Every structure is written in structure tokens, then in C-alpha cells.
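Remarks on the structure that follows.
The values are calculated or read from the model by the stated rules, or taken from the named source; none is laboratory data. Predicted model only: the values in this text are computed from it and were never measured. We place every Cβ from the backbone using ideal geometry, glycine too, and count neighbours over all the protein chains shown.
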Amino acid sequence: MTDSPQNWVTHFPHFLDESGNLVQDMPAEARHLAEALGRLIVFATHDDEVDEPPPCFVVVEGKRCEGEVGSCISPHDASIVWECEKCGSRGVITGWKGTFWDLTEQEILGNIHKKI
């Protein structure tokens, strides 16, 4: 599509139904984007440094980028910020807290469980 980095601003609840699941009847491209954003949320909210970053989902010059995407929780506004190390595309995800993909509570509970 483009040969320059893309900037994305996404509000994750736009992809979810009333139950918090991915909307079933969304177009395939939207579903692929929602699934990619979900992987970024999981990566940013988990506490295991062994896992590899998710692959980039951005299309560059007609091909999917082969880079890896790093993501983290912004200390300024608690959004998730991400960037591909190869194509330079980056973005922000809001509305992710409390979703199925948010592992922050699971990590906290896991750490408490480990200490008991």
C-alpha cells in the first residue's frame, strides 16, 4: 500500500461486541487487524520476557512487513504504544483495559499466587 511508515490510532472496543468478544460478522481485513491488535495488547500486558514480539501486520509495497512489533503501556495515559522495528509503522491502542486480551490482572494474581 505504502512505502512510508504508517501511524495508527485505534480504540479496541470498536472491534468488540456487547460481551467483549470480537464481532463475528466483521470484514476479514477488520478481523485480521483486530486479532493483530489483540496480540499487541497481550504482549504489552504480560510479564514474561521470554516470549517473542508479535509479527508486524502492516502492508508495505504490496507485501506484509516481516518485522516484529514491540509494545508497552504508556506511563502518561495508559494507552498501549507500539512500533515495528523494520517498517517503522507505529500506533496507539486505547480502550484495552478489562478486555479478554488484558493480562495485567492475571499477572498481578499470578504474582500474588506465587508469593503465597
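Filter the stretch 24-37 for residues that are in a loop (DSSP other than H, G, I, E, B) and either among the aromatic types (Phe, Trp, Tyr) or surrounded by 14 or more Cβ atoms within 10 Å (Cβ to Cβ) (or both) and give the result. Once the filter is applied, which keeps residues that are in a loop (DSSP other than H, G, I, E, B) and either among the aromatic types (Phe, Trp, Tyr) or surrounded by 14 or more Cβ atoms within 10 Å (Cβ to Cβ) (or both), the stretch 24-37 yields only Met26.
Of all residues in the stretch 18-43, those that are at pLDDT 95 or above have Cβ atoms under 7 Å from Cβ atoms of residues that are among the charged types (D, E, K, R) and surrounded by fewer than 17 Cβ atoms within 10 Å (Cβ to Cβ), 6 or more apart or on another chain, in Leu22/Arg31; Val23/Asp17.
Considering the stretch 52-76 alone, what residues qualify as being surrounded by 10 or more Cβ atoms within 10 Å (Cβ to Cβ), of a type outside the set (A, V, I, L, M) and assigned to a loop (DSSP other than H, G, I, E, B)?
Pro53, Pro54, Cys56, Phe57, Cys65, Glu66, Gly67, Ser74, listed by residue number.
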